[in-house]
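The values are calculated or read from the model by the stated rules, or taken from the named source; none is laboratory data. Owing to the predicted nature of the structure, the values given are computational and were not obtained by experimental measurement. Using ideal geometry, Cβ is built from the backbone for each residue, glycine included, and neighbour counts are taken over all protein chains shown.
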Amino acid sequence: MSTSQSQDSDLELLSGVPFFAGFSQDQLKLVAATAERRSLPEKLLLFDEGQLLHSAYVIISGTLRGERKVAGTDKVLKREIGAGVVLGERALILDVRAPESVRVEERARVLQIRKLMFRKVLQEHPGMARILHARFTRHLMEMALGFNAVGERLRANLP
């Protein structure tokens, strides 16, 4: 695949990621320019549950397996992760820990977006930061309204 085809493919991939919704093609090009295409061999541990994340990963192809321990039990929740899934997108702007361990099951290709590079893009292009800020503000407001509704239902059921 030529560099131009690869860039076009990366743009198409990123344009389908909800985290980047509202970004213009030029803004997506900036993100794509900082991203790194990686091939991941089978059995590679991409990250471990509880590990501080420094990147987001957009799965291009292959199969990964997520595993999360259920607190206070011996249970382990497992899920299959395939093409189109984004892992760790909040890590691009927040300090977050991995909610699960992720291992490559079947050779995979990913687009890795490093937090440090993404933050540099946001600093140089504040319009992108405003889009994300507005989205997170809206999301927090929706969550708060949802909590208020739950609180009202609980109060209504109190003796």
Hey, Ala129 part of a helix (DSSP H, G or I), small (Gly, Ala, Ser), surrounded by fewer than 18 Cβ atoms within 10 Å (Cβ to Cβ) and touching a helix residue (DSSP H, G or I) at 6+ places or on another chain (Cβ under 8 Å) or not:
yes
Since Ser61 meets every condition but one in (1) among the polar types (S, T, N, Q); (2) loosely packed, with under 13 Cβ neighbours inside 10 Å; (3) over 26 Å from Leu140 (Cβ atoms), which condition does it not meet?
(2)
Checking the structure you have, find out if any residue of segment 116-133 is touching a residue at least 40 places away in the same chain (Cβ under 8 Å), under 21 Å from Ala21 (Cβ atoms) and β-branched (Val, Ile, Thr).
yes
Go through (1) crowded, with 17+ Cβ neighbours inside 10 Å; (2) modelled with pLDDT under 95 for Ser9 and report which single condition fails.
(1)
At pLDDT below 90 and of a type outside the set (Asp, Glu): does that describe Phe136?
yes
Counting only strands (runs of 3 or more DSSP E) wholly inside segment 19-110, the ones holding at least 3 residues that are out of contact with any helix residue (DSSP H, G or I) (no Cβ under 8 Å at 6 or more places or on another chain) and either under 26 Å from Leu132 (Cα atoms) or of a type in the set (Asp, Glu) (or both) are 55-69
Residues that are within 18 Å of His54 (Cα to Cα), crowded, with 16+ Cβ neighbours inside 10 Å and either modelled with pLDDT under 90 or of a type in the set (Gly, Ala, Ser) (or both): does segment 94-110 have at least one?
yes
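Report yes if Val76 is over 17 Å from the mean Cα position of the chain (by Cα), surrounded by 11 or more Cβ atoms within 10 Å (Cβ to Cβ) and of a type in the set (Val, Ile, Thr), otherwise no.
On the way: over 17 Å from the mean Cα position of the chain (by Cα): yes; surrounded by 11 or more Cβ atoms within 10 Å (Cβ to Cβ): yes; of a type in the set (Val, Ile, Thr): yes.
For Val76, the condition - over 17 Å from the mean Cα position of the chain (by Cα), surrounded by 11 or more Cβ atoms within 10 Å (Cβ to Cβ) and of a type in the set (Val, Ile, Thr) - is met.
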